Amino acid sequence: MSNFVPITVAHGDGIGPEIMAATLHILKEAGANLDIETIDIGEKVYLAGNSSGIEPSAWDSLRRTKVFLKAPITTPQGGGYKSLNVTVRKTLGLYANVRPCVSYHPFVETKHPNMDVVIVRENEEDLYAGIEHRQTQQVYQCLKLISRPGSEKIVRYAFEYARRNNRKKVTCFTKDNIMKFTDGLFHKVFDEIAAEYSDIENEHWIVDIGAAKLADTPEVFDVLVMPNLYGDVLSDVAAQIAGSVGLAGSANIGEHVSMFEAIHGSAPRRAGQNLANPSGLLLGAVMMLVHIGETEVAERVHNAWLRTIEDGIHTYDIYEEGHSKQKVGTREFAEAVAARVGQKPETLKAASYKAVAETSDKPRGGRPRQAAKKDLVGVDVFLDWTKGTANDLGDSLGKLNGDGIKLEMMSNRGVKVWPGGHAETFCSDHWRCRFLAATDGSDVSHPQIISLLKRIADAGFDFIKTENLYNFDGERGYSLDQGA
Ligand code: NAD
């Protein structure tokens, strides 16, 4: 079995077992050399009392094979069950979510006949760290974290993906006109890495107009890379407007393990009736074959599938008079694809995958960077306070100046309200009070901040959090305020 590549397979719930059987049948007929380890995940594991839906022994298989082909699962109704997808993604560090969104005009109904985009979504950072707090009666926060290594990894992955797949352009979406530090870093890293790929065109769009353009004229895009939240939203939009949500596969790439699946769920009402379309999982499996270096088999499977779609042999979900010729069940569809192994599509663009080393998906580490000089220059103290106006609070806090620190300004929900605020500005119970060194340009120390907090607490204020203000190599490491 030495030439066989070990993979871990989970048959899942609902339509999962049927579409997995169909997929594995096609892979076998196409000559894939796979050594399959099967694990149990999903409903029965949850109901057996395992709140994450995966058994401890399954992790051993995933660590051993490093490749996971996963059918959809059913998350039982009711509280207490953790999302298996999130558990696997976070535990195994699956940092890149890759979702090709392609239209198959004129064989499958679509609004965008020439759409062929790949969304590369950062999968670990951004607002998904799950660090949320209720801070006051009125205000809740969620921390958005973007790191340089995380951004470098995903952006480099997008360019490497483009190069491997003969793609011509990588487009980045961010909102760095508003989030200058977090999205600003992502954009900056994109520009830096883009400069290393002179053979690939690059561009950046602000996500709002970019998203509008993607929905309107997706054919102008090729590979798209973006932070987690925008990628989450826009990969669904893109799959939907391609007209083929049931046909899309996806890859979750990690440094150690990668997972491949369909984007749809377990469709329990369709289960056990030989109805489900196995195409999404099959196209996920094609991405897996490319990942493990079985590019010839990937090409054979993909082209046989395209030919089947072209020949109008369709499952119920995409069957339509005019576009389709024969309505088939899951098993018959799989037989039709298997029978076309070796054929290519005549109208649709044939798939072609470059033979590349297995390791090519591995991210290269960022260039070693010299640590910036970090100077503590002040502190934002956040207060829960409802006893008056901004001027009242400014007057009270001003009395606590001393020990080399003074109140510089205050904002409420990001709008500067002191000094010189406007009477019209609505103020919640959540106040950000910025203290800087009393002498311009001086540093402050942790003991100075601790003694300031003691004065604030002794004066009867409820400080709900503090955020230290740093300069890095003399460059401000914190945002100013609207109105500042
Ligand atoms: P779903 O994607 O399972 O199904 C929505 C509808 O789409 C189905 O009723 C069916 O009509 C159609 N459909 C989906 N896949 C199809 C296919 N391959 N062939 C033909 N028709 C198909 O979404 P849902 O009903 O919201 O969720 C059902 C279950 O799946 C839930 O328990 C949910 O938690 C789970 N889910 C799992 C995953 C995953 O494992 N990755 C992803 C999404 C949802």
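Inside the range 38-89, can you point out the residues that are more than 15 Å from the ligand (Cβ to nearest atom), in contact (Cβ under 8 Å) with a residue 24 or more places away in the chain and assigned to a helix (DSSP H, G or I)? Scanning the range 38-89 gives TRP59, SER61, LEU62, ARG63, ARG64, THR65. Determine which member of the set VAL67, VAL86, VAL45 is on the phi < 0 side of the Ramachandran plot, assigned by TED's automatic domain parsing to the domain that holds GLY243, in contact with an Asp or Glu (Cβ under 9 Å, 6 or more places away or on another chain) and hydrophobic (A, V, I, L, M, F, W, C). After ruling out the rest, the residue left standing is VAL45.
Would you call THR23 in contact (Cβ under 8 Å) with a residue 24 or more places away in the chain, away from the ligand (no atom under 13 Å from the Cβ) and not in a strand (DSSP E or B)? Criteria not met by THR23.
Yes/no matrix, rows are residues, columns are (1) within 14 Å of the ligand (Cβ to nearest atom); (2) under 25 Å from the mean Cα position of the chain (by Cα); (3) basic (Lys, Arg):
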residue: PHE4; (1), (2), (3): no, no, no
residue: GLY12; (1), (2), (3): yes, yes, no
residue: LYS28; (1), (2), (3): no, no, yes
residue: ILE36; (1), (2), (3): no, no, no
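Evaluating GLN343 against the criteria (1) closer than 23 Å to GLU299 by Cβ; (2) at pLDDT below 95; (3) out of contact with any Asp or Glu (no Cβ under 7 Å at 6 or more places or on another chain); (4) not in a helix (DSSP H, G or I) leaves one unmet condition, (2).
Look at the range 386-408: where a residue is free of Cβ contacts under 8 Å to residues at least 40 places away in the same chain and a partner is assigned to a loop (DSSP other than H, G, I, E, B) and aliphatic (A, V, I, L, M), sitting 6+ places away or on another chain with Cβ atoms under 6 Å, you get LYS406/ALA438.
Checked against (1) touching a strand residue (DSSP E or B) at 6+ places or on another chain (Cβ under 7 Å); (2) within 11 Å of the ligand (Cβ to nearest atom), ALA238 meets all criteria but (2). Going through (1) closer than 23 Å to SER250 by Cβ; (2) not in a loop (DSSP other than H, G, I, E, B) one by one, GLU335 falls short only on (1).
The values are calculated or read from the model by the stated rules, or taken from the named source; none is laboratory data. The shown structure was predicted, so the numbers you read here are calculated from the model rather than taken from an experiment. Every residue, glycine as well, gets a Cβ built from its backbone with ideal geometry; the counts of neighbours run over all protein chains shown.
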